[in-house]
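Report on the following structure.
The values are calculated or read from the model by the stated rules, or taken from the named source; none is laboratory data. The shown structure was predicted, so the numbers you read here are calculated from the model rather than taken from an experiment. FYI the Cβ positions are ideal-geometry reconstructions off the backbone, even for glycines, and counts take in every protein chain you see. The protein model used for the area step is the full one, side chains on, heavy atoms only, and it has no ligands, DNA or RNA in it. Shrake-Rupley method; radii C 1.70, N 1.55, O 1.52, S 1.80 Å.
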Amino acid sequence: MRLFQAFRVFFRVLSDGEFAARVARAESPEVSTRPTPAAAPVPVTAPVKPASRRSEALTLLAVFQREGRLVDFLQEPIESYTDAQIGAAVREVHKGCRQVLERLFAPAPAVPTAEGAPLKVEQGYDPGRIRLTGQVSGTAPWQGTVAHPGWEAKRCDLPEWTGTPAAERVIAPAEIEIR
Amino acid sequence: MAATFSIGIDLGTTNSVLAAIPLGVEGASIEVLSVPQLTAPATVEGRPLLPSFLYLGTPEEVAQDAFRLPWGSPSAAVGEWARRQGAEVPTRTVSGAKSWLTHSRVDRRQPILPWNAPAEVTKISPVEASRRYLEHLLSAWAQSHPEAPIQEQQVVLTVPASFDAVARELTREAALQAGLPENFILLEEPQAAFYAWLANPTQSWRKLVREGDVVAICDVGGGTTDLTLISVAQENGELVLQRVAVGNHILVGGDNMDLALAQLAQARFAEKGVALDAWQSVALWHACRAAKETLLAPDGPSTCPVTVLGRGRRLIGGSISVDLTREEVVSVLTEGFFPPGSLQARPVRRPQSGFKELGLPYESDPAVTRHLSHFLNQQSGVRPTRVLFNGGVFKSEFFRRRVLEAVAGWYGATPESLELPHNQDFDLAVARGAAYYGRAKLEKGIRIRGGAPRSYYVGIEATGLAIPGIVRPLRHLCVVPRDMEEGTELDIPSDTIGLLTGEQAEFRFFSSLTRRDAPGTIVTHATEDEIQETSPLVATLPAAAGGETDFVPVRFQVRLTELGVLELWCVSTVSEDRWKLEFSVRDEG
């Protein structure tokens with residue numbers, strides 16, 4: 001948990017100047033209101049910093065909507081449609097969303113053992129990667145069967161959003177066709 | 001400082017790619033650069049392919065800095081988002097700039113793109129569009145490799161083999177403006193694809209081809225088809241490779257195939273009484289591409305639904321769908337693009353209307369096999385024994401098979417014996433091969449002998465009495481023999497030609513992919529099929545000092561540099577003076 005927090009702070013320090021300043025203050029031994037001495041001017045060779053940021057969750061949702069129409073699909077009441085109608089649309093949604101998933105996360109099984117195959121769980125296993133179910137008694141090692149090999153993202157390449165604060169919550173812009 | 005990388009850049013018609021290999025590192029592999037680009041408004045994502053499209057935004061988009069990238073804020077978007085905009089906002093999107101570079105009927109340095117854009121859009125020239133694509137790639141490189149400035153690296157830029165000297169020169173101009181080092185090398189794309197194949201560490205090419213083999217490189221990308229023949233010979237026990245012929249610039253590619261299928265599906269929709277609007281037609285085009293890939297895959301299904309989702313929020317309610325069968329898709333693509341035919345088959349020329357729009361000169365015959373047979377039939381005495389594929393179209397085994405069957409039929413071979421085994425990514429091979437070539441040139445690897453792919457001629461009007469209504473016959477003086485080697489220089493034997501000083505001298509300039517004339521040969525009778533006119537050449541001679549005669553007698557001298565640049569000079573026969581001839585690409589009207 002602390003490791004995760006450390007990463008979060010690390011990335012936020014990188015991306016958010018104000019936050020970085022707050023961390024610097026928290027880190028200094030005597031937390032006081034005394035103004036910190038002005039740092040030496042930083043040479044302006046750093047890449048242009050984005051003006052504003054937003055939750056990466058919104059950026060991800062925007063990708064799924066843009067390439068797989070996921071938000072349109074989930075927001076549409078489907079009770080009145082036939083299974084055939086839904087099926088035809090789902091094929092398209094599935095294709096688009098899957099491409100996004102593959103490109104951004106490259107999901108792969110969390111354990112290399114095939115579904116249904118036996119697996120021995122050793123002592124000191126990683127509970128983050130392996131979850132035990134059923135008659136768990138005694139101590140490791142346990143002999144079990146892989147009911148689901150899990151998923152692990154082999155990468156996490158989210159796009160960077162560089163828009164303005166006013167459009168921060170926009171998942172998909174309105175499309176106005178000019179005739 | 002010595003170069004630390006060999007960098008290959010594929011400036012493609014539809015996609016651009018940058019690949020690099022470190023120099024002096026044993027066993028180093030070729031890496032393709034992930035290029036940060038806008039994939040949607042205000043969304044930056046790294047991709048290996050940079051689509052060669054440029055979107056010129058509205059004033060609001062520019063004011064809001066909508067095209068911001070990690071390294072700055074360009075005034076227009078290049079890449080994936082621009083490609084999408086190309087379908088939805090065509091009047092503000094530049095596409096196919098590279099094909100415009102070869103179009104001799106327009107001035108390629110004038111702002112003419114997007115073609116047919118409304119007046120308020122600030123147009124740009126084909127040269128500038130190319131420059132911007134390159135600048136984007138170079139910025140991405142600078143950001144990821146700040147320790148290796150591009151100016152100090154070994155850089156190889158690829159051009160289609162079919163590019164004539166003018167298109168090559170314009171590409172060079174764009175590249176230098178973008179910041180490529182002065183000594184960058186131009187390499188022909190099919191050769192680059194061949195180098196990528198040679199570079200493959202999992203197979204030894206020396207075991208796959210042998211002396212006497214002739215490899216036909218068949219490169220069909222999104223919008224263009226490029227053909228090249230490379231022969232394998234032996235010298236002092238070593239295999240040597242020589243490029244023996246290149247084909248014409250052919251504007252046919254995978255996009256044409258997807259459009260043909262979209263028309264088939266559109267007709268099916270029309271039968272159901274559904275008319276598609278412009279947005280839906282674009283969506284249909286993409287859906288047809290996906291259906292084509294599904295149906296033509298080995299063990300593909302026999303039918304595949306083509307669905308266009310609703311435009312608005314009613315995704316399911318607005319969806320429309322038709323089925324395409326494998327049989328009809330195969331029939332449309334085979335008949336339209338890969339028809340079986342004899343080696344004597346030539347591309348069909350349809351009569352053109354008198355008022356032809358001045359857009360890109362798309363082929364009137366999309367049949368790739370007919371272009372191929374026409375090309376091969378022109379190479380007297382040379383027949384291909386192996387085929388190497390490149391370009392996105394040939395990711396599909398179906399299309400490779402069609403070409404192999406056609407070639408096998410012409411020469412009485414079996415398709416299996418023709419195809420060279422490969423395992424390269426057809427989209428990235430050209431950039432990778434270019435990077436490999438850059439290293440081979442420095443570190444003495446295998447090289448393909450190239451030389452001038454065309455012979456070039458200067459048009460000289462015959463002297464004689466002027467007769468009203470009769471155009472004086474034009475004779476062609478060969479100034480560059482085909483296959484002239486890089487790094488050589490030639491004095492062209494001819495009568496002296498009088499040049500007027502203080503004025504601009506203009507020469508009509510011609511090229512031929514098929515004729516093999518010796519330098520100095522004067523060709524009096526040539527068909528338009530054999531010799532084509534390219535842009536004129538001009539030289540401005542400063543007025544001679546000291547009241548000398550107005551006419552300076554000159555002869556031509558030609559140089560083909562190591563970097564693949566063709567230079568033509570007028571050399572005075574009475575003094576030390578010489579003047580370089582420049583291409584004039586101004587609009588002829």
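Taking beta carbons within 10 Å but only from partner chains, what does the mean come to for residues A:73-81?
Counting Cβ atoms of other protein chains within 10 Å of each residue's Cβ and averaging gives 3.
Would the range B:455-583 count as rounded, prolate or oblate if I go by the C-alpha gyration tensor, calling it rounded below 1.5 in a/c and otherwise prolate when a/b exceeds b/c, oblate otherwise?
Because a/c hits 1.5 or more and a/b fails to exceed b/c, the range B:455-583 counts as oblate.
Mind putting a number on the dipole of the range B:455-583 about its Cα centre? Charges go on the C-beta only, +1 for Lys and Arg and -1 for Asp and Glu, and I need it in Debye to the nearest 20.
300 debye
Rounded to the nearest 500 deg cm²/dmol, what is the calculated helix-only ellipticity per residue at 222 nm for the protein assembly as shown, with -39500 (n - 2.57) per DSSP H run of length n ≥ 4?
Result for the protein assembly as shown, helices only: -9000 deg cm²/dmol.
Give a quick list of GluC sites (Glu not before Pro) in the range B:209-300 that DSSP marks as loop, anything other than H, G, I, E or B, with at most 13 other Cβ atoms within 10 Å.
Filter output for the range B:209-300: B:211.
Ranked from the most accessible area to the least, with a 1.4 Å probe and all protein chains present, what is the order of B:182, A:102, A:79?
If we order B:182, A:102, A:79 from most to least accessible, we get A:79, B:182, A:102.
How much accessible area is lost when chains A and B come together, counting both sides, with a 1.4 Å probe, in Å² rounded to the nearest 100?
Counting protein atoms only, the buried area is about 2600 Å².
With every protein chain kept in the model, how would you rank B:169, B:489, A:92 by accessible area, 1.4 Å probe, largest at the top?
B:489, B:169, A:92
Just to be sure I understand the model, the point goes 7 Å from the Cα along the line to the Cβ. What's the resulting residue B:460 to residue B:343 distance in nm?
Inter-label distance under the simple model: 3.7 nm.
For a 30 Å ceiling on Cα separation, which of these pairs sit above it: B:98/B:441; B:98/B:272; B:123/B:272?
Cα-Cα > 30 Å for B:98/B:272; B:123/B:272; rest within.
May I ask you to derive the relative contact order of chain B, considering only C-alpha pairs under 8 Å and at least 6 residues apart, and to give it as an integer percent?
Once normalised by length, the contact order is 14 percent.
What are the extents of the Cα atoms of the protein assembly as shown along their three principal axes, listed from largest to smallest and rounded to whole Å?
106, 73, 64
Using a 1.4 angstrom probe and counting only protein chains, how large is the accessible area of residue A:133 in Å², to 10?
About 100 Å², ignoring ligands and nucleic acids.
To the nearest 10 square angstrom, what accessible area does residue B:559 show with a 1.4 Å probe?
The value for residue B:559 is about 80 Å².
Taking each residue in B:304-311, count the Cβ atoms of any other chain within 10 Å of its Cβ, then average. What number comes out?
Mean inter-chain Cβ contacts per residue within 10 Å come to 4.
Can you give the FRET efficiency to the nearest 0.05 for residue B:323 and residue B:29, using r as the Cβ-Cβ distance and R₀ = 45 Å?
Efficiency computed from Cβ-Cβ geometry: 0.55.
Which whole-Hz ³J(HN,Hα) couplings does the range B:62-72 yield from phi under the Karplus relation 6.51 cos²θ - 1.76 cosθ + 1.60, θ = phi - 60°, glycine and proline marked x?
Along the range B:62-72, the couplings run 5, 5, 7, 6, 6, 9, 5, 10, x, 10, x Hz.
How much solvent-accessible surface does residue B:277 expose, in Å² to the nearest 10, with a 1.4 Å probe and all protein chains in place?
Accessible surface of residue B:277 is approximately 60 Å².
Exactly which GluC sites (Glu not before Pro) in the range B:96-165 are in a DSSP loop and have at most 10 other Cβ atoms within 10 Å?
B:120, B:147
How many Å² of accessible area per residue for the protein assembly as shown, probe 1.4 Å?
Value returned for the protein assembly as shown: 51 Å² of accessible area per residue.
Using a 1.4 Å probe on the protein heavy atoms, what percent of the accessible area of the range B:5-186 belongs to carbon and sulfur?
50 percent
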